[in-house]
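Take a look at the structure below.
The values are calculated or read from the model by the stated rules, or taken from the named source; none is laboratory data. Only a predicted model underlies this, so the values are computations on that prediction, with no experimental measurement involved. Here the Cβ is made from the backbone with ideal geometry for all residues, glycine too, and neighbour counts use every protein chain on show. We work out accessible area using only protein heavy atoms, side chains counted, and drop any ligands, DNA or RNA first. Shrake-Rupley method; radii C 1.70, N 1.55, O 1.52, S 1.80 Å.
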Protein chains: 4
Amino acid sequence: MKVSIIGATGYTGEELLRLLSSHPQAEIVAITSESQTGAAISEIYPHLQQFYDNKLVNMHQLDEIAAQSDVVFIALPHGHAMEAGKKIVAKGTKVIDLGADYRFSDTSVYEKWYKLPHTHQEAQPVYGLTELYREQVKTASIIGNPGCYTTASILALAPLVKHQLIELSSIIIDAKSGVSGAGRSLSLNSHFTEVFESVKAYNIAGHRHTPEIEQALGELAGSEIFISFTPHLIPIARGILSTCYSTLKAGVTAAQVDEAFHSLYQEEYFIRLLGRGGYPVTKNTRGSNYCDIGWHIDPRTNRVVVVSAIDNLVKGAAGQAVQNMNVMFGLDERLGLTQAPLYP
Amino acid sequence: MKVSIIGATGYTGEELLRLLSSHPQAEIVAITSESQTGAAISEIYPHLQQFYDNKLVNMHQLDEIAAQSDVVFIALPHGHAMEAGKKIVAKGTKVIDLGADYRFSDTSVYEKWYKLPHTHQEAQPVYGLTELYREQVKTASIIGNPGCYTTASILALAPLVKHQLIELSSIIIDAKSGVSGAGRSLSLNSHFTEVFESVKAYNIAGHRHTPEIEQALGELAGSEIFISFTPHLIPIARGILSTCYSTLKAGVTAAQVDEAFHSLYQEEYFIRLLGRGGYPVTKNTRGSNYCDIGWHIDPRTNRVVVVSAIDNLVKGAAGQAVQNMNVMFGLDERLGLTQAPLYP
Amino acid sequence: MKVSIIGATGYTGEELLRLLSSHPQAEIVAITSESQTGAAISEIYPHLQQFYDNKLVNMHQLDEIAAQSDVVFIALPHGHAMEAGKKIVAKGTKVIDLGADYRFSDTSVYEKWYKLPHTHQEAQPVYGLTELYREQVKTASIIGNPGCYTTASILALAPLVKHQLIELSSIIIDAKSGVSGAGRSLSLNSHFTEVFESVKAYNIAGHRHTPEIEQALGELAGSEIFISFTPHLIPIARGILSTCYSTLKAGVTAAQVDEAFHSLYQEEYFIRLLGRGGYPVTKNTRGSNYCDIGWHIDPRTNRVVVVSAIDNLVKGAAGQAVQNMNVMFGLDERLGLTQAPLYP
Amino acid sequence: MKVSIIGATGYTGEELLRLLSSHPQAEIVAITSESQTGAAISEIYPHLQQFYDNKLVNMHQLDEIAAQSDVVFIALPHGHAMEAGKKIVAKGTKVIDLGADYRFSDTSVYEKWYKLPHTHQEAQPVYGLTELYREQVKTASIIGNPGCYTTASILALAPLVKHQLIELSSIIIDAKSGVSGAGRSLSLNSHFTEVFESVKAYNIAGHRHTPEIEQALGELAGSEIFISFTPHLIPIARGILSTCYSTLKAGVTAAQVDEAFHSLYQEEYFIRLLGRGGYPVTKNTRGSNYCDIGWHIDPRTNRVVVVSAIDNLVKGAAGQAVQNMNVMFGLDERLGLTQAPLYP
């Protein structure tokens, strides 16, 4: 299977390279960068030296790249993937976009939160949260690969919403992310001395992953949902922990909650249920495509608290993209994704 | 003013030494340790070398220490302060306990959550959250100095509760703490390689700071309150960030919220209001007695999100203890506590 | 190929599990622990959950384990491997010991530095620095797998010593290690709050990796060597950087230095030469078996400075052990070791 | 005493503000920034909010600022201080420059290493390593405040060089610095995800602190010295550890080495001798003006290894600048610098 990566020099692109270069069925055809065309990727990421040394080309050759590839991964900033995606699918090649452009079934939601006109309205993308949309992924030509916060948060809450165990208006998600989620672009917010030995919240009541979570949970609920979502920046490189609060509907039992998780996820290889009382730890997922989930019921307040942990660059980005590729092409979903987490 | 510290070898005791040794009115009479009696504190904490080199004595001399001191700080594990406190006040000496033994006006709450009989029922302690209990602190003979999570959380929510702006049953507190909060005792939970590059929740729906927050907010509300409180461990040494969610009562305006914070705190030196839309950062408070507070209103969900940041060892422990000492002895409340935060 | 691990609950043992469980030719027969017999390894290391869940047995079954295994990895504290090794080789099973017991050809050196009698004098072990001792490893029955500091340091200096380009009395090695090198045993030296945001040297002029480096370099030089070796503890989990100083012999040119590195290592898959002027970075090797090497010549002082970087748990321990296993059994040396480094 | 800071928005400038704002004799007259003129410093550094809120002015007012100040601290990039210094001393105001422009008695050394013409040749600056140049500092009108690496390294080696105990050609300095030394300017070298969980060397045989160390040690030795100096970047915010190697002259005893340290430093408040066998730890100096020094003699190699630790922003920059100010104006040298280190 021939794959290409558009925008390979960010952390997401580089992580795709790590995973795809050891994928037993994938052959990397082309990797692109506009700012560093001509450089070998191993000059930019020396850890890939002697491992993956190919040169970066630029997007002027996109038609040719698409024609030579079975699937193209797009790891461009939002707003840039739409134009590329349009050209690629025109060649009959499948697209997996790791940005936000293809995540919304209702493009007006995209336009409102991202403040950009959507220029590929006819795309009919599938939202690539594999565990929940697997059937649609199988036949999709364009995948909108989910955001990192959203993957952790939706997977944590989906069983409760799907089985109608919680009050939909009560959902609060408090998420903590490592700094790699902010990418490799220079910013005071990613400057070592500012971030180190510190923690802060940001974008309260306005983060763009909010409508993405609301879309997926709303589809499961069969009704519109509004949630509170608060992201936090913590001084680690990789990892997201999502702590999700909601109020149980009257009469819901702990056994029903347990059953909701088990029935939805017991067959899922990449979801590890730590059970009621379990505590996910981001480090336990580092470098892997696992999502670890534990849940807790508080009888004093009648709330259920679900905690999920992922590696934001793997299950939250490149790993899930490869998982989707496997599904799209009828491969074993786990191919190229069975490395154990790197601990400690 | 003569002060002593019972249990000086933990991080809280050591932080008291840092603050008291530069306090213009305090003279340290005695410091104690049961396990390291006879050692100079600077052997255990070499950063104090040439700065504060006194030897540790043991508690057998407690009566004598109490007699020579105007105030004794107790930094022992909970359950151990009660006996010491009883002896000290018997000498007419004031007590500031940094553990949990004197934090509850209803000792049955203590007994329930800490699973210990309370042996100093007659103590009549004052809860030492200085900004809210200043008048009582002035005349107290025993102070129960608040916990770290509780200080950050109560200060964040007090204005909203006091002014009856929020639904009391809707309070959720998601807090993040540095590892120094777990002390210097060895544990896999504080082992570098386990904690580093990782984040996790713990003690969901069961952390002992829960009833302490409920007591203080309940007193402000004039009714019993049950909250959800979730602590998290993040890989920093110092700092707590508390993200507090609650639903606004119908009809409450943003201006009322703002006014609630300003009216309660505008004269408070150690509370820095970052305003509506403000984002506290733990690093901005490091080494200082400040509590930084910002708040956000989400019209989509009608929730108010308050974020507070403190240094858990200063405003969350030793600094607030010194602040209480200043108030108890009629000194300027800021004495010994006016160092700028250490940044970056 | 059937393998077992004696002492699987330390970081080295756990890292062996990570590597061996994905090794295409290895099947894990037994893992042991004395203190946690009967527990599943995934209870102790939850990151292995659903990945490798086997139960720990104890060493009473060592004869049986040896009989069922082609090779046994020993990850016990030094002093404990000798007895186990003796029993295992008696069964005709090969041994790879990750501790110090089998690292010294002259056991009196071991006895002097480790202050223990050597009880397996007849062992005839091979020192498992694969790149330098490959021929001997092929036929060895017992491998003394090198230490972490020593691997990085010997590989950095071997070309210069072998080609007689430097003054042997001038060697100074200044090494920096992550905290995982100190293991999972609790200690104030590995306590998060003590180590974090700090750096220190330790064991100056007395670290036990010193004679191991001197042995290997001495064999290359054909004469006894005394070096200065200083280890440092830095607040990272994985990684060793070794900065090695020595004085060039009169008349030695930069080209000769370059040639020494290239001739010794150009065929070595796990050694990445960054060239003269190159700067190894520990993060570039994280999770991989690579050793990155760069060198610098200072004409002002006539010194050559060689810098090497490894992941201490991989090339410095478990990875090199697997590399040795591959060599011992005639497999492709890279089997199970071709994962890309985990970055960032 | 009236003081001003030219270039107050870098970490060095901000640290000067932290120290000077609590200095009992200093009153801050003006702070400048070219890029952020008009902003309050507390907008740029919110940790200073309510603590020091003054607005930044620009350098167009330099003559006026100089006229109103007794001393002006310059915290500009090298090459920019010379012009400012010239104007300030013309007003009869003293200058303490925290950059490199005034560090070299022979300006041709500056011009060679910094590749810039020196435009203030007539300045007659004094090198502000207070412990070694105190007498000259007392009467200086311009101080070239030492670099961070150089302060730690010179203080470590000065006793040995001064007392002629070591071979001058044998000096090797291996130094490790936190990231704050690279300043607040954005760079991939200070990007959190690149630096975190990693260590590397840089500028081997070419770092600009090399000639500064050689100048100071050469003056003590009475002869020209060439050293090897290797800086390393480690993932901490503050702190420098300098590990210094040299060969003892034949016949030099341990007692002579001890005596050299004690005789030079026993009266020095800011130097804490940890003795022979002592291990400085950067965290023990954090936030303070201390330099901790320990030394070790290796009879196997006849080398002495000296280790020193400082906070690079305090003793390595702003703290030593304030120390110099105190000396220049006849104040107690410790004024404003007696805060205990912040630990942990």
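Taking region D:211-249, which residues are within 13 Å of chain C (Cβ to nearest Cβ), within 12 Å of D:L168 (Cα to Cα) and of a type in the set (A, V, I, L, M)?
Hits for region D:211-249 are D:I225, D:I227, D:L248.
Which ones in region B:178-210 are crowded, with 23+ Cβ neighbours inside 10 Å and under 16 Å from the mean Cα position of the chain (by Cα)?
Once the filter is applied, which keeps residues that are crowded, with 23+ Cβ neighbours inside 10 Å and under 16 Å from the mean Cα position of the chain (by Cα), region B:178-210 yields B:G178, B:V179, B:S180, B:G181, B:H209, B:T210.
Quick check on region D:192-203. Is at least one of its residues in contact with an Asp or Glu (Cβ under 8 Å, 6 or more places away or on another chain) and closer than 19 Å to D:T150 by Cα?
no
Please find, within region C:293-307, the residue that is nearest to C:L165 (Cα to Cα) out of those that are in contact with a Leu (Cβ under 6 Å, 6 or more places away or on another chain) and buried (at least 24 other Cβ atoms within 10 Å of the Cβ). Don't jump to the end; show me each part of the working.
First pass over region C:293-307, keeping only residues in contact with a Leu (Cβ under 6 Å, 6 or more places away or on another chain): C:293-294, C:302, C:304.
Remaining after also requiring buried (at least 24 other Cβ atoms within 10 Å of the Cβ): C:293-294, C:304.
Details: C:I293: 17, C:G294: 16, C:V304: 10 Å.
Within region C:293-307, the match that is nearest to C:L165 (Cα to Cα) is C:V304.
Assess whether C:V281 counts as being more than 17 Å from the chain's Cα centre (by Cα) and under 21 Å from D:T193 (Cα atoms).
Working: more than 17 Å from the chain's Cα centre (by Cα): yes; under 21 Å from D:T193 (Cα atoms): yes.
It is true that C:V281 is more than 17 Å from the chain's Cα centre (by Cα) and under 21 Å from D:T193 (Cα atoms).
Looking at region C:55-71, is at least one residue out of contact with any His (no Cβ under 7 Å at 6 or more places or on another chain), among the β-branched types (V, I, T) and closer than 30 Å to A:V281 by Cβ?
yes
Going through region A:159-193 one residue at a time, which ones are within 7 Å of another protein chain (Cβ to nearest Cβ), assigned to a helix (DSSP H, G or I) and closer than 17 Å to B:K176 by Cβ?
A:V179
I need the full set of residues from region B:138-167 which are crowded, with 20+ Cβ neighbours inside 10 Å, out of contact with any Pro (no Cβ under 9 Å at 6 or more places or on another chain) and farther than 20 Å from B:I310 by Cα, in order please.
B:V161, B:I166 - these are the residues of region B:138-167 that are crowded, with 20+ Cβ neighbours inside 10 Å, out of contact with any Pro (no Cβ under 9 Å at 6 or more places or on another chain) and farther than 20 Å from B:I310 by Cα.
One residue is enough: does region D:129-137 have a residue meeting the conditions free of Cβ contacts under 8 Å to residues at least 12 places away in the same chain, open to solvent by 20 Å² or more (accessible area, probe 1.4 Å) and within 14 Å of the chain's Cα centre (by Cα)?
Taking every residue of region D:129-137 in turn, at least one turns out to be free of Cβ contacts under 8 Å to residues at least 12 places away in the same chain, open to solvent by 20 Å² or more (accessible area, probe 1.4 Å) and within 14 Å of the chain's Cα centre (by Cα).
With (1) charged (D, E, K, R); (2) more than 21 Å from B:I204 (Cα to Cα); (3) crowded, with 21+ Cβ neighbours inside 10 Å as the list, and A:D174 as the residue in question, which single condition is left unmet?
(2)
Name the residue, out of A:I293, A:I271, that is in contact with a Pro (Cβ under 7 Å, 6 or more places away or on another chain), under 30 Å from B:S228 (Cβ atoms) and touching a residue at least 60 places away in the same chain (Cβ under 8 Å).
Answer to the check: A:I293.
So how many residues does region A:237-253 have that are among the small types (G, A, S) and open to solvent by less than 30 Å² (accessible area, probe 1.4 Å)? Steps first, please.
Residues of region A:237-253 among the small types (G, A, S): A:237, A:239, A:242, A:246, A:250-251.
Next, from what is left, pick out any that are open to solvent by less than 30 Å² (accessible area, probe 1.4 Å): A:237, A:239, A:242, A:246.
Selection size over region A:237-253: 4.
Quick check, is A:V305 under 23 Å from the mean Cα position of the chain (by Cα) and within 11 Å of chain B (Cβ to nearest Cβ)?
Working: under 23 Å from the mean Cα position of the chain (by Cα): yes; within 11 Å of chain B (Cβ to nearest Cβ): yes.
So A:V305 fits the description; yes.
Have a look at D:T193, D:T247, D:T243, D:T230 and point out the one that is among the hydroxyl-bearing types (S, T, Y), under 16 Å from C:I234 (Cβ atoms), at pLDDT 95 or above and touching a helix residue (DSSP H, G or I) at 6+ places or on another chain (Cβ under 9 Å).
Just one listed residue meets the conditions, D:T243.
Quick one: which residue in A:L331, A:L335 is open to solvent by 20 Å² or more (accessible area, probe 1.4 Å), of a type in the set (A, V, I, L, M), in a loop (DSSP other than H, G, I, E, B) and closer than 27 Å to C:N289 by Cα?
A:L335
Which residues, taken from region B:88-128, are polar (S, T, N, Q) and under 17 Å from the mean Cα position of the chain (by Cα)?
Across region B:88-128, the qualifying residue is only B:S105.
Is it the case, given these coordinates, that C:Y110 is out of contact with any helix residue (DSSP H, G or I) (no Cβ under 7 Å at 6 or more places or on another chain), part of a helix (DSSP H, G or I), more than 24 Å from C:Q68 (Cα to Cα) and open to solvent by less than 10 Å² (accessible area, probe 1.4 Å)?
yes
Suppose the filter is within 8 Å of another protein chain (Cβ to nearest Cβ), modelled with pLDDT of 95 or more and within 17 Å of the chain's Cα centre (by Cα); does B:G319 pass it?
Against the criterion (within 8 Å of another protein chain (Cβ to nearest Cβ), modelled with pLDDT of 95 or more and within 17 Å of the chain's Cα centre (by Cα)), B:G319 does not qualify.
If D:N284 meets every condition in (1) outside any loop (DSSP other than H, G, I, E, B); (2) among the polar types (S, T, N, Q); (3) more than 10 Å from every other protein chain (Cβ to nearest Cβ) apart from one, which number is that one?
The number of the failed condition is (3).
I need the full set of residues from region D:328-340 which are facing another protein chain (nearest Cβ under 7 Å) and touching a Phe, Trp or Tyr at 6+ places or on another chain (Cβ under 7 Å), in order please.
Hit for region D:328-340 is D:A340, nothing else.
Anything in region A:255-281 that is open to solvent by 30 Å² or more (accessible area, probe 1.4 Å), within 14 Å of chain B (Cβ to nearest Cβ) and either part of a loop (DSSP other than H, G, I, E, B) or small (G, A, S) (or both)? List them, or say none.
Answer for region A:255-281, where residues must be open to solvent by 30 Å² or more (accessible area, probe 1.4 Å), within 14 Å of chain B (Cβ to nearest Cβ) and either part of a loop (DSSP other than H, G, I, E, B) or small (G, A, S) (or both): A:G277, A:Y279.
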